[in-house]
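Let me begin by presenting the structure, written as structure tokens, before commenting on it.
The values are calculated or read from the model by the stated rules, or taken from the named source; none is laboratory data. Model, not experiment: these values are computed from the prediction. Neighbour counts are summed over all protein chains in view; Cβ atoms, including those assigned to glycine, are modelled from backbone coordinates with ideal geometry.
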């Protein structure tokens, strides 16, 4: 048992002695990241589908981010995100101008493109791992595709373009000198959790 323990300890020390600090950020270093994330829309679609009167679908939030190291600990980045949500109500009804009840299937699809800047603070850089935290300041462009004959149906709220702020906490785990797995959690839109890959340029 002691012999096996000695071999394991020797192997660990050998690995650590040869490990490069992949996660170490430098001034002028750039990182490109692509992630997929979960948003409140995904949860709402799942909850809505428990009813036979509503069919809902949603895409994950697809993100692309570029972060540039302005110092060893701080970076400034740009980000773009996309997601969509749609629902169909096969039992929709309304009263037209002639006072007649109209029954039809109504379909609405909302899409959001989110443009943002995100300053980050990086710490806890150990071997092939680091933590980061920051804020994502964004502007969302909404569009809606509506299929109904109801002239009174109002979806202007969802078409409104909105400013937003998100607190971001995350980590990167490097499995090579240039490639890392990235995981983020966010408080605010456009996602509350995301995972993806980062490429050190």
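Descriptive notes on the structure:
- Of 183, 192, 169, all but one fail to be free of Cβ contacts under 8 Å to residues at least 24 places away in the same chain, within 16 Å of the chain's Cα centre (by Cα) and within 20 Å of residue 38 (Cα to Cα); the exception is 183.
- Residue 133 within 15 Å of the chain's Cα centre (by Cα), over 30 Å from residue 55 (Cα atoms), crowded, with 18+ Cβ neighbours inside 10 Å and touching a residue at least 24 places away in the same chain (Cβ under 8 Å): no
- Flag for residue 94 being touching a strand residue (DSSP E or B) at 6+ places or on another chain (Cβ under 7 Å), within 21 Å of residue 144 (Cβ to Cβ) and part of a strand (DSSP E or B): yes
- Qualifying residue in the stretch 114-126 (condition: at pLDDT 90 or above, more than 23 Å from residue 30 (Cβ to Cβ), surrounded by 13 or more Cβ atoms within 10 Å (Cβ to Cβ) and under 15 Å from the mean Cα position of the chain (by Cα)): no
- Out of 116, 144, one residue alone is under 20 Å from residue 61 (Cα atoms), touching a residue at least 12 places away in the same chain (Cβ under 8 Å) and in contact with a helix residue (DSSP H, G or I) (Cβ under 6 Å, 6 or more places away or on another chain). It is 144.
- Residue list for the stretch 77-98, filter: within 23 Å of the chain's Cα centre (by Cα), more than 26 Å from residue 46 (Cβ to Cβ) and either loosely packed, with under 15 Cβ neighbours inside 10 Å or modelled with pLDDT under 95 (or both): 78
- Residues in the stretch 52-70 that are touching a residue at least 40 places away in the same chain (Cβ under 8 Å) and part of a strand (DSSP E or B): 61, 63, 65, 67, 68, 69.
- Checking every residue in the stretch 148-164 against the condition of being under 27 Å from residue 30 (Cα atoms) and in contact with a strand residue (DSSP E or B) (Cβ under 7 Å, 6 or more places away or on another chain) gives at least one match.
- Qualifying positions in the stretch 28-51 - in a loop (DSSP other than H, G, I, E, B) and either modelled with pLDDT under 80 or surrounded by 13 or more Cβ atoms within 10 Å (Cβ to Cβ) (or both): 29, 39, 49, 50, 51
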